[in-house]
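First up is the structure itself, then whatever we jot down about it.
The values are calculated or read from the model by the stated rules, or taken from the named source; none is laboratory data. All values reported here derive from a predicted model rather than from experimental measurement. In this analysis, Cβ positions are derived from the backbone assuming ideal geometry, glycine residues included, and neighbour counts consider all displayed protein chains. These area figures cover heavy atoms from the full protein model, side chains too; ligands, DNA and RNA do not enter into them. Shrake-Rupley method; radii C 1.70, N 1.55, O 1.52, S 1.80 Å.
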Amino acid sequence: PEYDCLMLARVHPQKDHSTLFNALALRPFTLVLAGNGTDDQEFVSLANSILNKFSDKISFLGPRTDIPRLISKANVVILASIYEALPISLIEALRAGKPIVATDVGDVSAIVTHGFNGYLCDVQNPSQLSHSIFNILDNPDLAVSMGQASRRLYEQRFSASSMINKVLS
């Protein structure tokens with residue numbers, strides 16, 4: 001992988017990028033942001049004001065069509081939302097076999113099993129988010145096993161064949 005973390009989310013208060021920025025400010029990691037608005041100057045300025053000396057750790061990509069390639073280059077996929085339904089970005093992380101760190105909201109717990117294929121964190125808790133990210137980054141064997149668990153979960157619950165079987169039954 002080329003960078004530590006990736007968050008695929010449009011710029012919106014629901015996605016709570018500022019908590020992620022505050023987590024990065026606690027202990028720096030490389031972060032790539034992709035999604036509508038992530039390349040807007042106002043958003044970039046907000047990030048830089050929070051991160052100050054760590055602003056060089058973030059790449060602001062804006063909307064992208066090469067999501068599988070971006071995911072493949074990340075060690076961890078993150079989602080710091082305040083509320084969610086069933087986030088497609090996390091299903092894409094499962095498909096790619098990546099460990100996930102996400103807030104425990106909505107149906108995220110249907111995708112992330114805490115300690116199995118990633119970590120679930122409390123909403124707006126940058127310290128817990130940072131700790132969870134680094135627990136994976138600092139433990140390569142754990143990252144591999146969580147990534148493998150993500151891929152198995154994808155095949156069991158979210159692959160086309162498993163979805164067809166669920167509909168047919």
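Determine if the range 63-75 includes at least one residue that is among the aliphatic types (A, V, I, L, M), without any contact (Cβ under 8 Å) to a residue 60 or more places away in the chain and surrounded by fewer than 16 Cβ atoms within 10 Å (Cβ to Cβ).
No, that holds for no residue.
Within the range 9-39, how many residues are within 9 Å of Gly62 (Cα to Cα) and among the aliphatic types (A, V, I, L, M)?
Adding up the residues that qualify gives 2.
Could you count how many residues in the range 4-56 are within 23 Å of Asp122 (Cα to Cα) and in a helix (DSSP H, G or I)?
Result for the range 4-56: 17.
What are the residues in the range 1-55 that are basic (Lys, Arg) and open to solvent by 30 Å² or more (accessible area, probe 1.4 Å), if any?
Those that are basic (Lys, Arg) and open to solvent by 30 Å² or more (accessible area, probe 1.4 Å): Arg10, Arg27, Lys53.
Would you be able to say whether some residue in the range 58-80 is in a loop (DSSP other than H, G, I, E, B), in contact with a helix residue (DSSP H, G or I) (Cβ under 9 Å, 6 or more places away or on another chain) and of a type in the set (A, V, I, L, M)?
Scanning the range 58-80, I find at least one residue that is in a loop (DSSP other than H, G, I, E, B), in contact with a helix residue (DSSP H, G or I) (Cβ under 9 Å, 6 or more places away or on another chain) and of a type in the set (A, V, I, L, M), so the answer is yes.
Determine the pairs where a residue that is within 17 Å of Tyr83 (Cβ to Cβ), located within the range 2-13, has a partner that is open to solvent by 40 Å² or more (accessible area, probe 1.4 Å) with Cβ atoms under 8 Å apart, the partner being 6 or more residues away or on another chain.
Going by the 8 Å Cβ cut-off, the qualifying pairs are Leu8/Glu92; Arg10/Asn36; Val11/Asn36; Val11/Asp40; Pro13/Ile82.
Are there any pairs, at least 6 apart or on different chains, whose C-beta atoms fall under 9 Å, with the first in the range 79-91 and over 24 Å from Met163 (Cα atoms) and open to solvent by 20 Å² or more (accessible area, probe 1.4 Å) and the second of a type in the set (Asp, Glu) and in a loop (DSSP other than H, G, I, E, B), and if so, which?
Filtered contacts from the range 79-91: Ile82/Asp16.
Within the set of pairs 6 or more residues apart or between chains, which connect a residue that is closer than 16 Å to Asp122 by Cα and modelled with pLDDT of 95 or more inside the range 96-111 to a residue that is polar (S, T, N, Q) and not in a loop (DSSP other than H, G, I, E, B) with Cβ atoms less than 6 Å apart?
Val101/Ser132
So which residues in the range 104-151 are among the aliphatic types (A, V, I, L, M), open to solvent by less than 70 Å² (accessible area, probe 1.4 Å) and either touching a Gly at 6+ places or on another chain (Cβ under 6 Å) or assigned to a helix (DSSP H, G or I) (or both), if there are any at all?
Within the range 104-151, Val108, Ala110, Val112, Leu129, Ile133, Ile136, Leu137, Leu142, Ala143, Met146, Ala149 meet the criteria.
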